[in-house]
Amino acid sequence: MLRLTPYAKINLGLEILRKRADGYHDINTVFLPITLADELTIEPAHTLSVECAEIPIPQEDNLVFKAARLLQKQCAISRGAKIQLHKKIPTGAGLGGGSSDAAATLRGLCELWNISPDEDALHAIAAQLGSDVPFFLLDTPAIGSGRGEILHPLSIQLPHTLLIVYPNIHISTAEAYANVQLSEEATDYHRLFAGDITPDILRTGIVNSFEESAFKRHPELLEIKNNLYGNGAVFSLMSGSGSSMIGFFESDEMARQAAERFPDYQTFVCRQQVA
């Protein structure tokens, strides 16, 4: 049996630049893996099955199942696998949980089935599943461009403890992009993060293009952001298209104390995941 740990991510900055001819948008972002993680086990079986008690949807709609099926098809595999997923990363939270699960499934099944598609082929399979699935194959911070599938590893060490506050507000991709404020220029993240990451650098250099429209439609998110600042955060930002709000704190203890101020929400205290 294989035991895997699919880690979540935050977007340390997310700029929506322009709409493309194919209907997608070009983005500029930093994907940062964090220690909040799901649990995934994979073992041999004659048929393919996925079990996940926390997500009451048909098996065929689970991204883990879709990843396994696509890998079977692309690599002409007739064997199956029994996959069990235990969710700790909230769904629809802008933390990439489903994408991380899918990427871990691809890696795990390659080991279980003893197949070795080259990295470009595996990247192409991942990109068919979702724009940020390729990032989770890297296991390192990265700048994402294009739809998010064009990746450039980034050497960065975030010194802060993160408090994630998830208010269980679902913001669909269509809703997020319908009212997004496009960014005119792309931040040079290599340059921005070349030295120490200070609160001033975060506050003056990092934005999320989705925040303005999300706050207008869901004022509760802005209230959470302000409360994070009011409880000691040196910086706060929405991750992805929401609805998780992230507070950056100077210590684990400060983050844990702040978490107690959000009793009505799911909260997670974590740090950057270091490979």
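The values are calculated or read from the model by the stated rules, or taken from the named source; none is laboratory data. From a predicted model like this one, the values you see are computed outputs, not experimental measurements. Note that each Cβ is placed from the backbone with ideal geometry, even for glycine, and that neighbours are counted across all protein chains shown.
Whenever a residue of the stretch 165-192 is on the phi > 0 side of the Ramachandran plot, its partners that are modelled with pLDDT of 90 or more and not β-branched (Val, Ile, Thr), lying with C-beta atoms within less than 8 angstrom and at least six residues away or across chains, give the pairs ASN168/PRO90; ASN168/SER243; ASN168/TYR265; ASN168/GLN266. In the condition set (1) touching a strand residue (DSSP E or B) at 6+ places or on another chain (Cβ under 9 Å); (2) of a type in the set (Asp, Glu); (3) within 20 Å of ASP252 (Cβ to Cβ), ASP196 is compliant with all but (1).
Of the residues ALA255, ALA176, ALA214, ALA275, which is in a loop (DSSP other than H, G, I, E, B) and out of contact with any Cys (no Cβ under 7 Å at 6 or more places or on another chain)? Steps first, please.
On the way: ALA255 fails: in a loop (DSSP other than H, G, I, E, B); ALA176 fails: in a loop (DSSP other than H, G, I, E, B); ALA214 fails: in a loop (DSSP other than H, G, I, E, B).
Matching residue, one of ALA255, ALA176, ALA214, ALA275: ALA275.
Checking the structure you have, find out if any residue of the stretch 254-266 is touching a residue at least 40 places away in the same chain (Cβ under 8 Å), under 20 Å from the mean Cα position of the chain (by Cα) and surrounded by 21 or more Cβ atoms within 10 Å (Cβ to Cβ). No, the stretch 254-266 contains no residue that is touching a residue at least 40 places away in the same chain (Cβ under 8 Å), under 20 Å from the mean Cα position of the chain (by Cα) and surrounded by 21 or more Cβ atoms within 10 Å (Cβ to Cβ). Within the stretch 191-211, the set of residues being under 20 Å from the mean Cα position of the chain (by Cα) and in a helix (DSSP H, G or I) comprises LEU202, GLU211.
Confirm whether ALA124 is surrounded by fewer than 16 Cβ atoms within 10 Å (Cβ to Cβ), among the aliphatic types (A, V, I, L, M) and in a helix (DSSP H, G or I). Steps first, please.
Working: surrounded by fewer than 16 Cβ atoms within 10 Å (Cβ to Cβ): yes; among the aliphatic types (A, V, I, L, M): yes; in a helix (DSSP H, G or I): yes.
Yes, satisfied.
Quick check, is LEU36 touching a helix residue (DSSP H, G or I) at 6+ places or on another chain (Cβ under 8 Å) and either among the small types (Gly, Ala, Ser) or not in a loop (DSSP other than H, G, I, E, B) (or both)?
Numbers: touching a helix residue (DSSP H, G or I) at 6+ places or on another chain (Cβ under 8 Å): no; either among the small types (Gly, Ala, Ser) or not in a loop (DSSP other than H, G, I, E, B) (or both): yes.
Spelling it out, it is not the case that LEU36 is touching a helix residue (DSSP H, G or I) at 6+ places or on another chain (Cβ under 8 Å) and either among the small types (Gly, Ala, Ser) or not in a loop (DSSP other than H, G, I, E, B) (or both).
Please find, among THR29, THR35, THR47, the residue that is surrounded by fewer than 16 Cβ atoms within 10 Å (Cβ to Cβ), of a type outside the set (A, V, I, L, M, F, W, C) and under 30 Å from PRO199 (Cβ atoms). Break it down into steps so the answer makes sense when it comes.
Details: THR29 fails: surrounded by fewer than 16 Cβ atoms within 10 Å (Cβ to Cβ); THR47 fails: under 30 Å from PRO199 (Cβ atoms).
From the options THR29, THR35, THR47, the qualifying one is THR35.
Among the residues in the stretch 87-96, are any free of Cβ contacts under 8 Å to residues at least 60 places away in the same chain, over 20 Å from PHE210 (Cβ atoms) and in contact with a strand residue (DSSP E or B) (Cβ under 9 Å, 6 or more places away or on another chain)? It would help to see each step written out before you state the result.
The first filter runs over the stretch 87-96 and keeps only residues free of Cβ contacts under 8 Å to residues at least 60 places away in the same chain, leaving 87-88, 91.
Retained after the next criterion (residues that are over 20 Å from PHE210 (Cβ atoms)): 87-88.
With the extra rule that they be in contact with a strand residue (DSSP E or B) (Cβ under 9 Å, 6 or more places away or on another chain), the set shrinks to 87-88.
Yes.
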